[in-house]
Amino acid sequence: MTGVSRLVGGLTARALSEHADVDRVIGVDSVPPPHSIGSARFVRADIRNPIIGKVIRQEQVDTVVHLGVITTPRQAGGRTAQKEINVIGTMQLLAACQKAESLNRLVVKSTGAVYGASPRDPAMFTEDMTPRRAPTAGFPRDSVEVENYVRGFARRRPDVDITLLRMANIAGPGMRTPLSDYFRMRAMPVPMGYDGRIQVLHLDDAVRSLVTSATSEATGIINIAGDGIVTVRQAARLAGRPTVPFVPVLAGAVTSGARAARLGAFDSSQWQWLCYGRALDTTRMRELLGFTPDHTTRDTIREVFGADPVWPPSPGVAISSLIGDRS
């Protein structure tokens, strides 16, 4: 399993290490995990390095769970490093998997952001649909490239069962993501004349879906999201946050203004998602994977963001106490 030093990966490694059908778990990351990964054994290795192939070969790995795609440049130390880890790292990992005769299953965590966000989107994206406006930058673009490499690997190794999970935005205690930064602002910027659709996946459900995928026989692309859809304004009310209208074409100015006024972090590259949002059809999640989330979108927003402090914290409050672990 890659990416075990981040929150989702660490919790998944711990859960799999306690699973009755799993003999052993080997957690791989470039830095030691700051949290417990249960009885999983940690191996310090960078997936961009061919040494990952040696780990898979020597340990006779039969299942690889790839959680090593980083969502924000902050986590990687910059956009260049983020893209290298996400794209080059995935290429190296898949090259190692291609040579591993012991491998029979591959699970890759992707994102619903690969569907993009545009005014021509369908009400619900099924796994067979393609985006009307494909992502062109950042983590969503990296995820599109990662999925393309996974498809290439599937053609070269048809004997390996592959499950690709397109997850909605994950939210949970201790996570800091672009979504959590947005909800923790003192006032949430909302595009004038728009009200994008939001689906949220609770951290606990994300971990359970990954464990289910790693231990089941389900294959193919599967959307993973909590039940229900809310709009941006509805989500703000659920979280008890005030909103501030802005003109989408001035998103860059809103970013600068929010920082200057200490309202919090607002990423102007997300304005299309705030305008239009997206929704994922989860029929395949239930029928093929046999998975049902415990938390709805509304419940997750209330639980995670309704009780969270605004961002940035008041003077005198330690930032580290509010950030918690990174996803």
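For a test of the definition: using alpha carbon positions, the gyration tensor, and the 1.5 limit on a/c, classify segment 101-183 as rounded, prolate or oblate.
In terms of gyration-tensor shape, oblate.
Roughly what % of DSSP beta bridges within the chain run antiparallel, to the nearest 5?
Within the chain, antiparallel bridges account for around 5 percent of the total.
Just want to confirm a number: the relative contact order over the chain, from Cα pairs under 8 angstrom separated by 6+ residues, in percent.
After rounding, I find 19 percent.
Where the accessible area of the chain is counted over protein heavy atoms with a 1.4 Å probe, how much of it, in %, is carbon and sulfur?
52 percent
Say we join alpha carbon atoms closer than 10 Å with springs in a Gaussian network model of the chain; which of VAL304, VAL160, VAL244 then has the biggest fluctuation?
Comparing VAL304, VAL160, VAL244 in the GNM, the peak value goes to VAL244.
Tell me the per residue accessible area of segment 102-165 using a 1.4 Å probe; a whole number in Å² is fine.
That works out to 43 Å² per residue.
Provide the percentage of antiparallel DSSP beta bridges, counting only those with both residues in segment 137-242; round to the nearest 5.
Of all bridge pairs located within segment 137-242, approximately 20 percent are antiparallel.
For segment 11-58, just say rounded, prolate or oblate: build the C-alpha gyration tensor, square-root its eigenvalues into a ≥ b ≥ c, call rounded for a/c under 1.5, and beyond that prolate if a/b exceeds b/c, oblate if not.
Judged from the Cα gyration tensor, segment 11-58 comes out oblate (a/c at least 1.5, b/c at or above a/b).
Pop the C-beta distance of ALA137 and ALA81 into the FRET formula with R0 = 25 Å and round what comes out to the nearest 0.05.
The formula returns an efficiency of 0.95 here.
Rounded to the nearest 500 deg cm²/dmol, what is the calculated helix-only ellipticity per residue at 222 nm for the chain, with -39500 (n - 2.57) per DSSP H run of length n ≥ 4?
Mean residue ellipticity, 222 nm, calculated: -9500 deg cm²/dmol.
Any idea how far apart ARG186 and MET129 come out in nm if each label point goes 7 Å out from Cα toward Cβ?
Between ARG186 and MET129, the label points sit 3.9 nm apart.
The values are calculated or read from the model by the stated rules, or taken from the named source; none is laboratory data. All of these numbers come straight from a predicted model, not from anything done at the bench. Because the Cβ atoms are built from the backbone with ideal geometry, glycine has one as well, and the counts that use them run over all protein chains shown. Surface accessibility is based on the protein's heavy atoms, side chains included, excluding ligands, DNA and RNA. Shrake-Rupley method; radii C 1.70, N 1.55, O 1.52, S 1.80 Å.
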